[in-house]
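Reading through the structure tokens given below for one structure.
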Amino acid sequence: MKVVLGCDHGGLNIKNAVIEYLKDNNFEFIDFGCYTEDSVDYPEYAYKVATAVRDNGDTLGILCCGTGIGISMAANKVKGVRAAVCTNDFMAEMTRRHNNSNIICMGGRIIDEATAVKLADIFLNTEFEGDRHIRRVDMITAIEEGTFKL
């Protein structure tokens, strides 16, 4: 599995903590930035990570901004992306297990570095359960494609 990461200035510290975790655990990863605390526009980084996830089958993404909200909204505009804001262990597990999310979004003003590392670990090491959840993920895809029917 490959991991791609991105952040704005508000998520820089937690992204950097997650990168140390990835290095320590021999994950292959690409860091799309940002690299300083200078103010930047989060949609740029959301787009880079989301398109990398979309275009590379065995890739998961990690996005960080101040709250995780804005960067998740931007990432979810890319077809094929299921980005979820997570603030606790249960959310990080269930977004993979039940929703087959391919990007976790976290907020550097909401959680600390240790929590970000823990959530990334859970997200990266949880498998999609499949079964009845496949139908629901397919429904999300149908909404995205404009083919959803009630």
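On a 0 to 90° scale, report how tilted helix 113-124 is relative to the longest principal axis of the chain, with both axes built from alpha carbons and the result rounded to the nearest 10. That helix lies at roughly 30 degrees to the long axis. Taking all protein chains into account, the per residue accessible area for the range 1-148 stands at 50 Å² (1.4 Å probe). To the nearest 10 degrees, how steep is helix 12-24 against the longest Cα principal axis of the chain, on a 0 to 90 scale? Helix 12-24 sits roughly 80 degrees off the main axis of the chain. Each of the trypsin sites (Lys or Arg not before Pro) that DSSP puts in a loop and that has at most 14 other Cβ atoms within 10 Å breaks the chain; the longest unbroken stretch is 1-76.
For the range 72-124, give the percent of accessible area contributed by carbon and sulfur heavy atoms, probe 1.4 Å, rounded to a whole number. For the range 72-124, the apolar C and S fraction of the accessible surface comes to 52 percent. Within the chain, the longest segment free of exposed loop sites, counting GluC sites (Glu not before Pro) that fall outside DSSP classes H, G, I, E and B and have at most 12 other Cβ atoms within 10 Å, spans 38-126. Isolated cysteines of the chain, defined as having no other cysteine beta carbon under 4.7 Å away, are C34, C65, C86, C105.
Averaging Cα coordinates gives a centre for the range 102-147 and one for the range 1-76; these two points are 14 Å apart. Based on Cα contacts under 8 Å between residues 6+ apart, the chain shows a relative contact order of 25 percent. When you filter the chymotrypsin sites (Phe, Trp or Tyr not before Pro) in the range 45-150 for DSSP loop state and at most 12 other Cβ atoms inside 10 Å of their Cβ, you are left with F148. Cα axis of helix 42-55 to longest principal axis of the chain: angle in degrees, 0 to 90, nearest 10? That helix lies at roughly 50 degrees to the long axis.
The values are calculated or read from the model by the stated rules, or taken from the named source; none is laboratory data. Note that the structure is predicted; figures quoted are calculated from it, not measured. Please note: Cβ atoms are built from the backbone with ideal geometry, for glycine as well, and neighbour counts cover all protein chains shown. The area values use the complete protein model at the heavy-atom level, side chains included, leaving out ligands, DNA and RNA. Shrake-Rupley method; radii C 1.70, N 1.55, O 1.52, S 1.80 Å.
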